Amino acid sequence: MANILCISPTPENPLPPLEVLGHTIHLSDFEPQSLATAPRHDIAVLDCRVNLVAARAVTRIIGAAGWQKPMLMVVAESGLPAVSAEWQAADFILDGASLAEVDARIRMLLDSKPKPLAVDNSSGLVIDLGTYTAKINGRALDLTFKEFELLRYLNDNPAQVFSREQLLSEVWGYDYFGGTRTVDVHIRRLRAKLGEHEGLIGTVRNVGYRLDPTGSSIN
């Protein structure tokens, strides 16, 4: 089953009740701050039924933030002429689509995503999801489980900035009682283990952390 982020100007859920099929729905409005703090998800659903101009602006924000998850658009039939490949959507459905159709499209999007054991980027970082190990330019990194999970999460969302609170909830879970200092400690340990590649994990002042695939600098 999927974690689905519904992005709507209200916000409201533009989809039929997918919860009855086991999917989890999260809601967000079009505000940049809401998008920046959106929870982890498998698929984003963008509500384009009413305000196409604002919805197009959301796609630009998502693109600039480097979101990697597939996006499904909900469109009124009258809005179809405005939709193009520039929206970078993986698929679309018409307003009023049935529960069965929406579920099938979501399952197809999930099944179409590549599932490699190893994930790498231009920095030389390779994360093996099968063995829970990571290497940088061929050198194995001696990571704890949480250090691996933190590095994996950042690598899954390259260049996207995450606040300490977001990383704490996504990597440690909502039931974790420790403070955000835990994130800072793990980031510091990761950088130490990356050695000369410590710049791979960048700091965005007063916001949080991001993984910079170029490993060029720490802001």
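Along the positive direction of the dipole of the chain (beta-carbon charges: Lys, Arg +1; Asp, Glu -1; about the Cα centre), which of LEU46, SER84, GLN160 reaches farthest? Going by the charge dipole, the pick is GLN160. Split the chain at each of the chymotrypsin sites (Phe, Trp or Tyr not before Pro) in a DSSP loop with at most 11 other beta carbon atoms within 10 Å, and the longest piece is 1-173.
Order 5-11, 180-186 from most to least packed using the mean count of other Cβ atoms within 10 Å. If you can, show how the numbers build up before the last one.
On the way: 5-11: 20.0, 180-186: 15.7.
Ranked from most to least packed, the peptides come out as 5-11, 180-186.
Couplings 3J(HN,Hα) for region 18-26, derived from phi with the Karplus relation 6.51 cos²θ - 1.76 cosθ + 1.60 (θ = phi - 60°), are 5, 4, 5, 9, x, 6, 10, 10, 10 Hz, where x marks Gly and Pro. Residues in region 36-50 carry Karplus couplings, in order, of 5, 9, 4, x, 4, 8, 9, 9, 9, 10, 9, 7, 10, 6, 10 Hz; the curve used is 6.51 cos²θ - 1.76 cosθ + 1.60 with θ = phi - 60°, and Gly or Pro positions show x. The equivalent ellipsoid that matches the C-alpha gyration tensor of the chain spans semi-axes of 33, 18, 17 angstrom, in descending order. Near VAL204, the amide H atoms lying under 5 Å from its own belong to TYR209, ARG210; only residues 5 or more places off or on other chains count, and H is placed 1.01 Å from N. Based on the convex hull around the alpha carbon atoms, region 3-112 presents an average projected area of 6.3 nm². Between the C-alpha center of region 147-169 and that of region 31-52 there is a gap of 19 Å. Under 5 Å from the amide H of HIS26 lie the amide H atoms of ILE4, LEU5, CYS6, each residue being 5 or more positions distant or on a separate chain, with H modelled from the backbone and absent for Pro and chain starts.
FYI, it's all coordinate maths here, none of it is from the lab. These numbers come from a predicted model, not from an experiment. Heads up, the Cβs are rebuilt from the backbone with ideal geometry, glycines too, and the neighbour counts pull from every protein chain shown.
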